[in-house]
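The values are calculated or read from the model by the stated rules, or taken from the named source; none is laboratory data. Everything numeric in this text was worked out from a predicted model, so none of it was measured. Note that each Cβ is placed from the backbone with ideal geometry, even for glycine, and that neighbours are counted across all protein chains shown. When the accessible area is computed, the model is the full protein with side chains, heavy atoms only, and any ligands, DNA or RNA have been set aside. Shrake-Rupley method; radii C 1.70, N 1.55, O 1.52, S 1.80 Å.
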Amino acid sequence: MQLLKKIQKSFWVSIFVFAGTLFFAKCIEQQDKSIGGDRLKPPEDFKGKAFAGSVVCGECHKDIYEKHLQTAHYLTSQPATGNSIHGNFDSGKNVFPYSDSIKVVMQHEGNDYFQIEYVNGLVKRKERFDITVGSGKKGQTFLYWNAAKILQLPVFYYTDYAEWANSPGYPGRVIYNRPITSRCLECHTTFAKKISDEQAEPEDFEKGKIVFGVDCERCHGAGADHVSFQRTHKDKGEARFITNPAKLSRLQQLDLCALCHGGKLSKTKPSFSFQVGDSLKDFFAADTSAQNVADIDVHGNQLGLLSASKCFRMTEMTCSSCHNTHENETGKIEMFSKKCMACHSTGHNNFCGLMKTYGAVIEANCIDCHMPVQASKAILFLRAGSNEPSTAFMRSHYIKVYPFETKKVMQLIHANKKKDKK
Ligand code: HEC
Ligand code: HEC
Ligand code: HEC
Ligand code: HEC
Ligand code: HEC
Ligand code: HEC
Ligand code: HEC
């Protein structure tokens, strides 16, 4: 692999001499991020604007680029390889039994990885892992190509238990024929070119025209024009042909994140037609499934929950008030707590009622008391040998006082104090 990369690199370097830089830089990106297809034509977005690929952005925004490679956004979809698939293929660990006679075995042959269904010891169906969906923080779903259709493999990988499981939402039998929709890809890739009619189902996609991951150009718009402008205007510091969300209205900024973090929106326009700066309501009908906060699931609707919080309603807060999406911030609870204290402090006279008694212990972690982790009612899946569905746990964005969680955290604080005294 290393050698292959080197050969590819030197090939491109020698060709550079004869051709425009931009064109071929795009091709290298294509090779990195797409599987198959016509590598000489970079994909274009819904409106025909060309992508450049994040490798190219990295030339001038090196810092952001390198950090972004570590994010759940970037890793949320990839071509399936030994690296990107998180599950275990070792014998004994690579089986998901559906019954005494039916099982699915995860197996690799050379560079190809398969999910193979056995009935009474005989192979019934064998499909390849082509695409991984999910950074693997909670788990991964796997997809395969069947002509121009993309379908879901039966077995899912569940990170918390480090084991294979039946795909979320599946009944306890082997299913190979669930088609993947453009809306699913709209949340988990930067772009996927649909080639079937808008109404036709299941949908067809073009193999080489998928830009994997939630990458730079999902949030900033397709950037080939920006790249060629900045390359030829090196003296000019100012940016052209690219969108910085920070310069948009609050609603526009929220709409960008809500495209994927705004709950069950039903589309009124084709997937991938919404671009940064657009107004979400022109592309989706409002979510009417959750009438009050208690109905909003912690999975996939951070905006819905945040919108119910006083912090959000009484300020101009956006997601960027706490998140820097260019970095992997998972688990940085102290950093997030500092964001709270930008608005809540003794100085602002609106600090936590527990501050007087507990002081600095509290400052390091506002989060577990005011944004506790809760069970999702939407992501349910079966573990091997179980009839009861398991669930995923997620951070609630409904910021308020939670008496039960406070009790739990206080117990921990007391226990730690005792330990320190001893
Ligand atoms: C040839 C160098 C170059 C490349 C390649 C490049 N940029 Fe830029 N970009 C700049 C310069 C110069 C600026 C203006 C100064 C700054 O904000 O850093 C800029 C600014 C930006 C801004 C802020 C715009 C604003 O109005 O504040 C964003 C967002 C951006 N770039 C994204 C991207 C993305 C995404 C890519 C890849 C598709 C990319 N850039 C590729 C040079 C480049
Ligand atoms: C195109 C869809 C899309 C857009 C737009 C999007 N996200 Fe995400 N986001 C995702 C997906 C999918 C995940 C889950 C990735 C995974 O773990 O596989 C995610 C995960 C996250 C996470 C969790 C990261 C972690 O380490 O677990 C944060 C925080 C986040 N997004 C914030 C934002 C913010 C803020 C915005 C707006 C600036 C935004 N997202 C825009 C799709 C999107
Ligand atoms: C999930 C959405 C998302 C992704 C993916 C993303 N950005 Fe950003 N980017 C933003 C937001 C939001 C801002 C504005 C942040 C703020 O409010 O200050 C921003 C700001 C910027 C800026 C302006 C200067 C700065 O540092 O704030 C540049 C340059 C930039 N992004 C480049 C990139 C590049 C290059 C990539 C890919 C390696 C990338 N972005 C990926 C959402 C994203
Ligand atoms: C409306 C946008 C949206 C759609 C549609 C969507 N997802 Fe997600 N998905 C997310 C977001 C956001 C997250 C992470 C945060 C959360 O769960 O709230 C996520 C998380 C995941 C994860 C867990 C990733 C991890 O490791 O934490 C998997 C796997 C996944 N989605 C698969 C899929 C598949 C497969 C489809 C389509 C059949 C799909 N999703 C449809 C937005 C979406
Ligand atoms: C942009 C400013 C801002 C940020 C950031 C912010 N808040 Fe708030 N928050 C407010 C305002 C304004 C109120 C309502 C008035 C008040 O109580 O001061 C509020 C209210 C609250 C309340 C009372 C809620 C209720 O229903 O009575 C809690 C608890 C709270 N915030 C905790 C937090 C925590 C924890 C964080 C960080 C995760 C945070 N806030 C971040 C501005 C903010
Ligand atoms: C051990 C759990 C716990 C921790 C840690 C904690 N809080 Fe609280 N917080 C509470 C409880 C319980 C209340 C309500 C009782 C009270 O105010 O005395 C509260 C009240 C608040 C309020 C509402 C005050 C009002 O008068 O409406 C704010 C704002 C707040 N907390 C912010 C924070 C911030 C910011 C942090 C981190 C620096 C933090 N809290 C850490 C449990 C906690
Ligand atoms: C007041 C601060 C604050 C704001 C505003 C905020 N978040 Fe978060 N977010 C957090 C904290 C704290 C976490 C937990 C981080 C952790 O546990 O690693 C988190 C986690 C997440 C996660 C991962 C959830 C999980 O359990 O895996 C996603 C996705 C996310 N935020 C998206 C968003 C989006 C989208 C917005 C805007 C609608 C937003 N956040 C606004 C503080 C905030």
For the range 129-194 and the range 250-264, compute the distance between their C-alpha centroids and round to whole Å. 23
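Listed highest first by mean packing, meaning other Cβ atoms within 10 Å per residue, what order do 179-187, 225-233, 213-221 come in?
213-221, 179-187, 225-233
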If I model the chain as equal point scatterers sitting on the Cα atoms and use the Debye formula, what is log10 I(q)/I(0) at q = 0.08, 0.09, 0.12 Å⁻¹? -0.53, -0.67, -1.14
Protein chains only, probe 1.4 Å: how do Asp420, Asp90 rank by accessible area, largest first? Asp420, Asp90
In whole Å, how far is the Cα centre of the range 315-377 from that of the range 61-83? 27
What order do His61, His370 take when sorted by accessible area (1.4 Å probe), most exposed first? His61, His370
Given charges at Cβ of Lys, Arg, Asp, Glu: the chain dipole, positive-most of Ala192, Gly277, Leu303: Leu303
By the Kirkwood definition, with r running over pairs of different Cα atoms, the range 295-422 has a hydrodynamic radius in Å of 16.6
Per 0.36 nm of contour for each residue apart, how much would the distance between Asp112 and Lys264 grow if the chain were fully extended, relative to their Cα-Cα spacing? 51.2 nm
So between Asp100 and Lys47, what do we pick up on full extension, going 0.36 nm a residue minus the alpha carbon distance? 13.9 nm
Measure of exposure for Val55: accessible area at 1.4 Å probe, Å² rounded to 10, is 50
What do you reckon, how do Asp63, Asp112, Asp278, Asp235 stack up by accessible area (1.4 Å probe), largest on top? Asp235, Asp63, Asp112, Asp278
May I ask you to compute the full-extension gain from Ala285 to His348, defined as 0.36 nm times their residue separation minus their alpha-carbon distance, rounded to one decimal in nm? 18.7 nm
Take Thr391, project a point 7 Å from its Cα along the Cβ direction, then tell me which residues of the range 294-312 have their backbone nitrogen under 12 Å from it. 295-299
For Glu109 the rounded accessible area (nearest 10 Å², probe 1.4 Å, non-protein molecules ignored) is 80
To the nearest 10 square angstrom, how much accessible area does Lys207 have with a 1.4 angstrom probe? 90
